[in-house]
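Undergrad: My structure is below; once you've seen it, I'll send some questions.
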């Protein structure tokens, strides 16, 4: 029997030297149980459970939690209940199938509830097929890019969520020393985030307004900096590292410290409403200026960065698909002598499935969404082109920062789809329904591409067969699509999405409400093209300067409070890496820090779910006095700053214990 390993190989997180090779946790020549009845059934069960949970929470509070880490923890725990403990590869399959839930839910709830909000016709089949076909496209478009992102970019892209999930799975294999570090960190982070979210002992998001002078600047000049003082987000920053953290934060600083004050300087005295805003700039806070104007610049930047990335990846994409066409032409069955850990679904099969899915989408649009073949073909082209091109953007965004800007890319899709549909003469109710269903397919596709690259990277580190993950991801997508169709219909009947006499506690569905507002505006006054153009030129300039434009655009698009703790975590990682002049000691400390940061992410993710459910209970007066609201006071804000600083020091101190 082989000796049990205690962790990932030493070169798991570092770039490989010219003659160096990464050997996964389970080497290619070993064949432990992987796809079994146990792993498939538990994976499907997780997909159904987490689809229900994430859909309800997402529509209620606007947050879709990532399911990968909680499912990985549950998979490890479930494996101990059997006489034969589950292998790590079985747990990876459980996680991969189950994680389809979060990405399918994000694709559906960001767009399709807008149909109810706008009182447009919708049924189960619309929701189910839009989610199913979008998920399938996301899987199929990503498979040819797997080798590039997970193998060729090894050590160059941080993959924060995949790192945290992999550490959970690896420590579950019996590495007691590492398990203790991970558990201790998870407990610290879990209790910390739980105390904030549930009890309100200190403030979750702090800002420079806590200082009177800076509060005056925020009110008069709209100069404000904010920070989410959560442990999980800071842990992600440590895993991401200082370089990308700085670029992301720089994007936020441009948005909040340059563009918002500029908009205020020129528009702060204008009392008329300027599109796409809904109130005069004179009445806006810094946050409202960001949401109404500056964020659109970020969306343009993401779109341009995506196109730049597509141009860069064009040779890889062409090479991957040309291989598939060669297989089709010669009738090969992909009998290439590839080792187990490098084996994908044959490209000929991928291309055939893409063609089949495309045909099915065309008939779906023609038979159930629009009434002419011309418009159906136009809608199909929008879905196919955007999903194909931006799947790499979604994957790269997840690989860099762990956040998929799917809502921004979907917003761009809705705008383009609406413009095309209007040009083809499709307006009114049918035009809005068509645009939203097109957006739902694209949103799910891009969400799946981003989420699936995480699964594949986990598989690469652990030694899972890629083809196994790819095949069974379709099953997880199928069950998640069925579940989300039924759950959205159920939630509409029980709670509703529009407040009224029959639904006094309607679900907020914030993203879907935003999409509904966009569709209504486009069908009336058009899109803010100049703001998008500004973002496009900014991304091009970043590319000229050698700055990764997607990371910078993500910083511009995401609220600053999510990016400042990422910078804090990146700085901690930098200081840990420089804490010794001995290179081996510094590396040992940096790797220990990654394990601690992974515990932070895992603990924050689990307790975030618990806090969200308890928050729902509070709103329903089930647990009415749990929140102390001390965090809403100035004292609570200062306490948050102090405790967050101590949390950063905790990672630094605990990581340095790896070696003296």
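The values are calculated or read from the model by the stated rules, or taken from the named source; none is laboratory data. Just so you know, these numbers come straight off a predicted model, no measurement behind them. Heads up, the Cβs are rebuilt from the backbone with ideal geometry, glycines too, and the neighbour counts pull from every protein chain shown.
Undergrad: Among 45, 36, which is the only one that is at pLDDT 85 or above and over 25 Å from residue 343 (Cβ atoms)? Write out each step before concluding.
TA: Working: 36 fails: over 25 Å from residue 343 (Cβ atoms).
Going through 45, 36 in turn, just one is at pLDDT 85 or above and over 25 Å from residue 343 (Cβ atoms): 45.
Undergrad: Restricting the search to region 317-372, which residues are closer than 27 Å to residue 93 by Cβ, at pLDDT below 80 and assigned to a loop (DSSP other than H, G, I, E, B)?
TA: Listed by number, the residues that qualify are 333, 334, 335, 336, 337, 338, 339.
Undergrad: Here is a check on your reading of the model: is residue 500 more than 21 Å from the chain's Cα centre (by Cα), at pLDDT 70 or above and surrounded by fewer than 17 Cβ atoms within 10 Å (Cβ to Cβ)? Give the derivation first.
TA: Details: more than 21 Å from the chain's Cα centre (by Cα): yes; at pLDDT 70 or above: no; surrounded by fewer than 17 Cβ atoms within 10 Å (Cβ to Cβ): yes.
Against the criterion (more than 21 Å from the chain's Cα centre (by Cα), at pLDDT 70 or above and surrounded by fewer than 17 Cβ atoms within 10 Å (Cβ to Cβ)), residue 500 does not qualify.
Undergrad: For region 260-286, give me each residue that is loosely packed, with under 14 Cβ neighbours inside 10 Å and part of a loop (DSSP other than H, G, I, E, B).
TA: 269, 270, 271, 272, 273, 275, 278, 279
Undergrad: Something else about it: On the given criteria, is residue 167 at pLDDT below 85 and touching a helix residue (DSSP H, G or I) at 6+ places or on another chain (Cβ under 7 Å)?
TA: Details: at pLDDT below 85: yes; touching a helix residue (DSSP H, G or I) at 6+ places or on another chain (Cβ under 7 Å): yes.
In short, yes.
Undergrad: Is it the case that residue 86 is buried (at least 24 other Cβ atoms within 10 Å of the Cβ), touching a helix residue (DSSP H, G or I) at 6+ places or on another chain (Cβ under 8 Å), modelled with pLDDT under 85 and closer than 30 Å to residue 434 by Cβ? So that I can check it myself, show each step before the final result.
TA: Values: buried (at least 24 other Cβ atoms within 10 Å of the Cβ): yes; touching a helix residue (DSSP H, G or I) at 6+ places or on another chain (Cβ under 8 Å): yes; modelled with pLDDT under 85: yes; closer than 30 Å to residue 434 by Cβ: no.
So residue 86 fails the test.
Undergrad: Now for a separate question. As an exercise: evaluate residue 184 against (1) modelled with pLDDT of 80 or more; (2) over 30 Å from residue 32 (Cβ atoms) and give the number of the one condition it does not meet.
TA: Result: residue 184 passes all but (2).
Undergrad: Would you say residue 158 is in contact (Cβ under 8 Å) with a residue 40 or more places away in the chain, touching a helix residue (DSSP H, G or I) at 6+ places or on another chain (Cβ under 7 Å), part of a loop (DSSP other than H, G, I, E, B) and over 29 Å from residue 85 (Cα atoms)? Lay out the reasoning, then the answer.
TA: Values: in contact (Cβ under 8 Å) with a residue 40 or more places away in the chain: yes; touching a helix residue (DSSP H, G or I) at 6+ places or on another chain (Cβ under 7 Å): yes; part of a loop (DSSP other than H, G, I, E, B): yes; over 29 Å from residue 85 (Cα atoms): yes.
For residue 158, the condition - in contact (Cβ under 8 Å) with a residue 40 or more places away in the chain, touching a helix residue (DSSP H, G or I) at 6+ places or on another chain (Cβ under 7 Å), part of a loop (DSSP other than H, G, I, E, B) and over 29 Å from residue 85 (Cα atoms) - is met.
Undergrad: Still on this structure: Among 110, 136, which is the only one that is out of contact with any strand residue (DSSP E or B) (no Cβ under 7 Å at 6 or more places or on another chain), surrounded by 24 or more Cβ atoms within 10 Å (Cβ to Cβ), in contact (Cβ under 8 Å) with a residue 40 or more places away in the chain and under 30 Å from residue 170 (Cα atoms)? So that I can check it myself, show each step before the final result.
TA: Working: 110 fails: under 30 Å from residue 170 (Cα atoms).
None of the others qualify; the one that does is 136.
Undergrad: In region 522-534, which residues are in a helix (DSSP H, G or I), at pLDDT below 90 and closer than 22 Å to residue 304 by Cβ?
TA: Kept after step one, since they are in a helix (DSSP H, G or I), are these residues of region 522-534: 522-524, 529-534.
Filter again for at pLDDT below 90, leaving 522-524, 529-533.
Listed by number, the residues that qualify are 522, 529, 530, 531, 532, 533.
Undergrad: Among the listed residues 444, 464, which satisfies the condition of being closer than 24 Å to residue 46 by Cα and not in a helix (DSSP H, G or I)? If you could, list the steps in order and put the result at the bottom.
TA: Values: 444 fails: not in a helix (DSSP H, G or I).
Just one listed residue meets the conditions, 464.
Undergrad: So residue 617 ticks every box in (1) at pLDDT below 85; (2) surrounded by 17 or more Cβ atoms within 10 Å (Cβ to Cβ) but one. Which box is left unticked?
TA: Tallying (1) at pLDDT below 85; (2) surrounded by 17 or more Cβ atoms within 10 Å (Cβ to Cβ), residue 617 fails exactly one: (2).
Undergrad: Looking for whichever is more than 30 Å from residue 266 (Cα to Cα), modelled with pLDDT under 90 and out of contact with any strand residue (DSSP E or B) (no Cβ under 6 Å at 6 or more places or on another chain) here; the options are 242, 217. Which one fits? Before you say what the answer is, go through the steps one by one.
TA: Details: 217 fails: more than 30 Å from residue 266 (Cα to Cα).
Criteria check complete, one pass: 242.
Undergrad: Can you spot a residue in region 52-60 that is modelled with pLDDT of 85 or more, part of a helix (DSSP H, G or I), farther than 30 Å from residue 590 by Cβ and over 18 Å from the mean Cα position of the chain (by Cα)? Can you show your working first?
TA: Restricting attention to region 52-60, the residues satisfying the condition of being modelled with pLDDT of 85 or more are none.
Checking region 52-60: not a single residue is modelled with pLDDT of 85 or more, part of a helix (DSSP H, G or I), farther than 30 Å from residue 590 by Cβ and over 18 Å from the mean Cα position of the chain (by Cα).
Undergrad: Residue check, residue 257 against (1) surrounded by 17 or more Cβ atoms within 10 Å (Cβ to Cβ); (2) farther than 30 Å from residue 15 by Cα, all met but one. Which one?
TA: Only one criterion in (1) surrounded by 17 or more Cβ atoms within 10 Å (Cβ to Cβ); (2) farther than 30 Å from residue 15 by Cα is unmet by residue 257, namely (1).
Undergrad: Can you confirm whether region 72-80 contains a residue that is within 19 Å of the chain's Cα centre (by Cα) and modelled with pLDDT of 80 or more?
TA: Yes, region 72-80 contains a residue that is within 19 Å of the chain's Cα centre (by Cα) and modelled with pLDDT of 80 or more.
Undergrad: I would also like to ask the following. Counting only residues that are touching a residue at least 60 places away in the same chain (Cβ under 8 Å) and closer than 14 Å to residue 640 by Cα, which one in region 208-242 is farthest from the chain's Cα centre (by Cα)? Explain how you work it out, then say what you get.
TA: Going through region 208-242, the residues touching a residue at least 60 places away in the same chain (Cβ under 8 Å) turn out to be 210, 218, 222-242.
So of that shortlist, the ones also closer than 14 Å to residue 640 by Cα come out as 210, 226-231, 234.
On the way: 210: 31, 226: 21, 227: 19, 228: 17, 229: 20, 230: 17, 231: 18, 234: 16 Å.
Taking the candidates together, the pick is 210.
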